[in-house]
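Student: First the structure, then my questions, so here it is.
The values are calculated or read from the model by the stated rules, or taken from the named source; none is laboratory data. The structure displayed is predicted, hence computed values, not measured ones. Methodologically, a virtual Cβ is constructed for each residue, glycine included, from the backbone with ideal geometry; neighbour enumeration extends over all protein chains shown. In case anyone asks, the SASA skips ligands and DNA or RNA and just uses the protein heavy atoms, side chains included. Shrake-Rupley method; radii C 1.70, N 1.55, O 1.52, S 1.80 Å.
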Amino acid sequence: MANRLRAVDLARTAGISVQQVRNYVDTGVLPPVERTASGYRVFTTAHAEALATARAAAAGHGWATTRTVMRAVHDGDLETALAALDAGHARLDQERAELAAVHEALGTVLAHPAATTATAPPGMRIGEVARSVGVRPPVLRLWEAHGLLRPDREPGTGYRVYSRSELHAAQIVALLRRGHYPLATINAVLGELRATGSPDRVLRELTNRRRELHRRSLDRLKASAALHAYLRYLGHTA
């Protein structure tokens, strides 16, 4: 056969080991191989096409999704392959929406600075904090249950005591809840602020994440193009 390839040649084109090529066959990333009478695997240009496609797909969708897609394609189960790709795009869309929500919520925080906490006592009780932010104590306990607030406990009594930073966090939660932001978004905003200590640094981080998301979207687009070309090569689509 004119298009017959050795495993070592196939491996060399992708910069991987021969064993990795065999693993790809065993896991369905590459199509099944025929064997010679002496038991040697017979690779062809079809396997080279599949290998190039899989590596392009992995760059955009990751290996977990790529293995699912390639196995399904080689099993003739195009519906499963497309469902896996759709799920990957949906996750990316959700991530983009969550990032936008956090950015918008942070903008609300920056546009409405919280009252200064510098003069607040360092260990406020729950009733004092509730009055300060304009809610009832059960609401603070609910926010704590959702991980939004992290009060300390007073030794001996076990009463909740709030540091100035937790009072500030309570002010932020109250502000965003008045804006009807979901608890998950508020939790993400507080997590970013606690990690960086600076709204400006959070904004820079969010900008970097948006750029990274843009890059991943383009990689996924390239991967989808490669998969579509492979399906055409196999005769699955026009």
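Student: Over the alpha-carbon set of segment 74-116, divide Rg by the Kirkwood Rh and report the Rg/Rh ratio to two decimals.
Tutor: 1.44
Student: Using the Kirkwood formula on the Cα atoms of the chain, what hydrodynamic radius do you get, in angstrom to one decimal?
Tutor: 22.0
Student: Here is a follow-up. If I model a spin label as a point 7 Å beyond the Cα along the Cα-Cβ vector, how far apart are those points for Arg125 and Ala59 in nm?
Tutor: Each label point is offset 7 Å from its Cα along the Cβ direction, giving 6.4 nm.
Student: Efficiency by 1/(1 + (r/R0)^6): what FRET value for Ala52 and Arg91, r their Cβ-Cβ distance, R0 = 22 Å, to the nearest 0.05?
Tutor: Efficiency computed from Cβ-Cβ geometry: 0.35.
Student: How would Asp93, Asp9 line up by accessible area, probe 1.4 Å, largest first?
Tutor: Of Asp93, Asp9, the descending order of accessible area is Asp93, Asp9.
Student: Carbon and sulfur together cover what percent of the accessible area of the chain at a 1.4 Å probe radius?
Tutor: Of all accessible area on the chain, carbon and sulfur atoms account for 53 percent.
Student: Considering amide H positions built from the backbone, and no H for Pro or chain starts, which residues 5 or more places from Val161, or on another chain, come under 5 Å of its amide H?
Tutor: Amide H to amide H, under 5 Å and 5 or more residues apart or across chains, Val161 pairs with Asp152, Arg153, Glu154.
Student: Tell me, in nm to one decimal, what length is gained between Tyr159 and Arg210 on full extension, where the rule is 0.36 nm per residue of separation less the Cα-Cα distance?
Tutor: Full extension from Tyr159 to Arg210 adds 14.2 nm.
Student: Express the accessible area of the chain per residue in Å², computed with a 1.4 Å probe while the remaining protein chains stay in the model.
Tutor: Heavy-atom SASA per residue in the chain reads 56 Å².
Student: Sticking with this structure for a sec: Quick one: length gained pulling Glu79 to Lys222 fully straight, 0.36 nm per residue minus the C-alpha distance?
Tutor: 49.4 nm
Student: Further question: Taking Cα atoms of segment 136-238, Rg/Rh with Kirkwood Rh, to two decimals?
Tutor: Value, to two decimals: 1.29.
Student: Could you work out the percent of alpha carbon pairs in segment 66-150 separated by over 20 Å, rounded to a whole number?
Tutor: 64
Student: Based on the mean of other beta carbon atoms within 10 Å per residue, what is the order of 62-71, 77-86, most packed first?
Tutor: The densest-packed peptide leads the list: 62-71, 77-86.
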